[in-house]
Amino acid sequence: MGKYGKWIGGGLGWALLGPLGGVLGFAVGSMFDRSDGKQRVFTGTTHGDFTMSLLTLTAAVMKADRRVMKSELDYVSKYFTQNFGPAASQEAMLYLRDLLKQEIPLRDVCYQIKHRLDHSSRLQLLHFLFGVSKADGKVHPREVEVIERIAGYLGISAKDLESIKAMFYEDTDAAYRILEINASAGDDDVKKAYRKMANKYHPDKVAYLGEDIRKAAGEKFRKVKNAYDTIKKDRGMN
């Protein structure tokens, strides 16, 4: 297929799979060029849809501040290594390298993801994107702006967005935002909010994506528990 593999792959992907397929088709074609036709690709399963959606949105966030940090790349590599294994991590980083070279039609891609993945899976995507943004120790305003746009396109509510964002800040106010309540809430309301959020972010909600994704989702669940523990300690609740 030669050096035109990426363009053929992109064209076929866009025609057959919509805007997300177009972006990924470019990357698949580019990998084909490098490997003389022996490349591996993620399968067309829901698990694969989630994985490739994650990589595509990650590329959009990483480019938001017009620079790609090594710490961000290391974060992505570590995530894939821990949850999918070294081979999958190496493959994912090859895709990401090509995705970072592209202009991603963010709204169209997000609309396609919205119709493909359920709410719990989209929340998991958003949580990962904030993790990428904070990989260098701070969340860049331009990256937050892109993540907020992504949340809107994905149909994530403002409360859910603030809840996930607060998971990356360590203070009592953030704990309340994680539980989607105000500091004026009574103790019983705090307990109810915790039960509600624990159910919303329970890892089993994304178990259909595979055991690896379910384990990764456990981080959100732990953040909810930690927020509840912080509030209980601050209030002296039992």
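Nothing in this text is a laboratory measurement; each read-out follows from the coordinates by a stated rule. Given the structure is predicted, the values throughout are model-derived calculations rather than measurements. Note: ideal-geometry Cβ built from the backbone for every residue, glycine included; neighbour counts use all protein chains shown.
For the stretch 103-129, which residues satisfy the criterion of being farther than 21 Å from K200 by Cα, out of contact with any Gly (no Cβ under 9 Å at 6 or more places or on another chain) and crowded, with 19+ Cβ neighbours inside 10 Å? The answer is I104, and nothing else.
So which residues in the stretch 138-171 are among the small types (G, A, S) and either assigned to a loop (DSSP other than H, G, I, E, B) or over 27 Å from A183 (Cα atoms) (or both)?
Taking the stretch 138-171 and keeping what is among the small types (G, A, S), we get 151-152, 155, 157-158, 163, 166.
G155, S157 - these are the residues of the stretch 138-171 that are among the small types (G, A, S) and either assigned to a loop (DSSP other than H, G, I, E, B) or over 27 Å from A183 (Cα atoms) (or both).
Within the stretch 93-137, the residues that satisfy the criterion of being assigned to a helix (DSSP H, G or I), aliphatic (A, V, I, L, M) and in contact (Cβ under 8 Å) with a residue 40 or more places away in the chain are L94, L96, L99, L106, V109, I113, L123, L125, L129, V132. Remark: pairs (first residue in the stretch 62-74, under 14 Å from K101 (Cβ atoms) and touching a residue at least 60 places away in the same chain (Cβ under 8 Å); second residue in a loop (DSSP other than H, G, I, E, B) and not small (G, A, S); Cβ separation under 7 Å; 6+ apart in sequence or on different chains) = M62/V68; M62/L100. Inspect the stretch 175-184 for any residue being part of a helix (DSSP H, G or I), closer than 23 Å to A64 by Cα, touching a helix residue (DSSP H, G or I) at 6+ places or on another chain (Cβ under 7 Å) and of a type outside the set (K, R) and give the result as yes or no. So far as the stretch 175-184 goes, no, none of its residues is part of a helix (DSSP H, G or I), closer than 23 Å to A64 by Cα, touching a helix residue (DSSP H, G or I) at 6+ places or on another chain (Cβ under 7 Å) and of a type outside the set (K, R).
Which members of the stretch 71-93 meet the condition of being out of contact with any Asp or Glu (no Cβ under 6 Å at 6 or more places or on another chain) and more than 25 Å from H140 (Cβ to Cβ)?
Narrowing the stretch 71-93 to residues out of contact with any Asp or Glu (no Cβ under 6 Å at 6 or more places or on another chain): 72-82, 85-93.
Residues satisfying the conditions are G85, P86, A87, A88, Q90, E91.
Criterion first (surrounded by 15 or more Cβ atoms within 10 Å (Cβ to Cβ), more than 23 Å from V206 (Cα to Cα) and under 13 Å from the mean Cα position of the chain (by Cα)) does V139 satisfy it? No.
The condition of being farther than 21 Å from L161 by Cβ and polar (S, T, N, Q) holds for only one of S53, S121, S77, that being S77. Scan the stretch 186-235 for residues that are crowded, with 18+ Cβ neighbours inside 10 Å and of a type in the set (D, E, K, R) and jot them down. The answer is K205, R214, K220, K223.
Within the stretch 185-219, take every residue that is assigned to a loop (DSSP other than H, G, I, E, B) and without any contact (Cβ under 8 Å) to a residue 12 or more places away in the chain and give me the one that is farthest from T51 (Cα to Cα). Walk me through how you get there before you give the answer.
Here is the first cut: in the stretch 185-219, the residues assigned to a loop (DSSP other than H, G, I, E, B) are 185-186, 201-202, 210.
Those still in the list that are without any contact (Cβ under 8 Å) to a residue 12 or more places away in the chain too: 185-186.
Values: A185: 38, G186: 40 Å.
Among those that are assigned to a loop (DSSP other than H, G, I, E, B) and without any contact (Cβ under 8 Å) to a residue 12 or more places away in the chain, it is G186.
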